[in-house]
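Read the structure below first, then the notes.
Throughout, read-outs are computed from the coordinates displayed, never taken from laboratory work. Just so it is clear, the structure is predicted and the values come from calculations on it, not from any experiment. Note: ideal-geometry Cβ built from the backbone for every residue, glycine included; neighbour counts use all protein chains shown.
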Amino acid sequence: MSGRDLAAMRTEYSRGGLDESEAGADPYALFDRWLDEAVEAGVHEPNAMALATATPDGAPSVRIVLLKQLDRRGAVLHTNYESRKGHEVEHNPRAAAVLLWHELQRQVRIEGPVERVSAEESDAYFGSRPPGGRVSAAASPQSQVVPDRAWLQQRWDETAAAPDAGTRPPHWGGLRIVVESFEFWQGRENRLHDRIRFRLVGQTWDRDRLAP
Ligand SMILES: Cc1cc2nc3c(=O)[nH]c(=O)nc-3n(C[C@H](O)[C@H](O)[C@H](O)COP(=O)(O)O)c2cc1C
């Protein structure tokens, strides 16, 4: 129970709009432009996104991950394939994600089926991580219950000292959301926001405006 008056917390959205001519016909181009603008606006971790997955019977779960690549094949994040999200996409290979660029009063939603990226792509990204992060990825049984912090630290120390320290373990790698739907949201005055959705139909993107 929060002692704060949550109902009274509100912000006016008046930074700009998104009309059809600005949105264009290519959601990847629009995403690139909005990401550039988020970087220029100083958004902290502009590639952070909430990633939703679900069990086969539809129980959802969500967590923040980092978008590490976006190209016409889809949106890539890197994680532990044996984590909760890893198991969920293995048995129900679909995901939805949302990026929030608060400073610009914007969000972007993406949805689609999920596949693993190639081992080569996972190796290339893993190799680019700082050494300590590589050790943690290999040492930590993500999403499992562990006895205590000391147990984790000991695993980390042992992994760091092992001869193969720094090599990618097979259970850690990239997941690609093969984007079938993008939605760009721009906050507007009086909550009459702009929502432009693109859906992939065959080889082309259909564009609609959704009610806020
Ligand atoms: C800003 C931020 C970035 C994160 N980036 C990642 C990431 O790229 N990959 C990842 O596996 N977990 C990342 N995490 C941790 C996840 O939110 C989550 O705790 C972890 O992946 C386990 O999720 P799961 O048990 O649902 O599988 C990040 C957390 C935060 C707050």
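Taking K and R as +1 and D and E as -1, what net charge do the other residues with C-beta under 10 Å from the C-beta of residue 144 add up to?
0
I'd like the distance between the alpha-carbon centres of segment 116-138 and segment 176-212, rounded to an integer number of Å.
Here the answer is 32 Å between Cα centres.
Debye calculation, C-alpha points only, no solvent: report log10 I(q)/I(0) for the chain at q = 0.13, 0.17 Å⁻¹, in the same order as the q values.
At q = 0.13, 0.17 Å⁻¹ the computed log10 ratios are -0.86, -1.22.
In the neighborhood of residue 12, defined by Cβ-to-Cβ distances under 13 Å, what is the net charge if each Lys or Arg adds +1 and each Asp or Glu adds -1?
Summing Lys and Arg as +1 and Asp and Glu as -1 gives +3.
How far apart, in nanometres, would the label points at residue 28 and residue 59 be if each is projected 7 angstrom from Cα along the Cα-to-Cβ direction?
Reported label-point gap for residue 28 and residue 59 is 3.8 nm.
I'd like the orientation of helix 119-128 relative to the chain: the angle between its Cα long axis and the longest Cα principal axis, in ° from 0 to 90, rounded to 10.
Orientation of helix 119-128: about 90 degrees from the principal axis.
I need the phi-derived Karplus couplings for segment 34-50: 6.51 cos²θ - 1.76 cosθ + 1.60, θ = phi - 60°, integer Hz, Gly and Pro marked x.
5, 5, 4, 5, 5, 5, 4, 7, x, 4, 6, 6, x, 9, 6, 9, 7
Sort 25-32, 76-83 by packing, meaning the average of other beta carbons within 10 Å per residue, with the highest value first.
In descending order of packing, they fall as 76-83, 25-32.
Based on the alpha carbons, how large is the Rg to Rh ratio for segment 94-141 when Rh follows Kirkwood?
1.12
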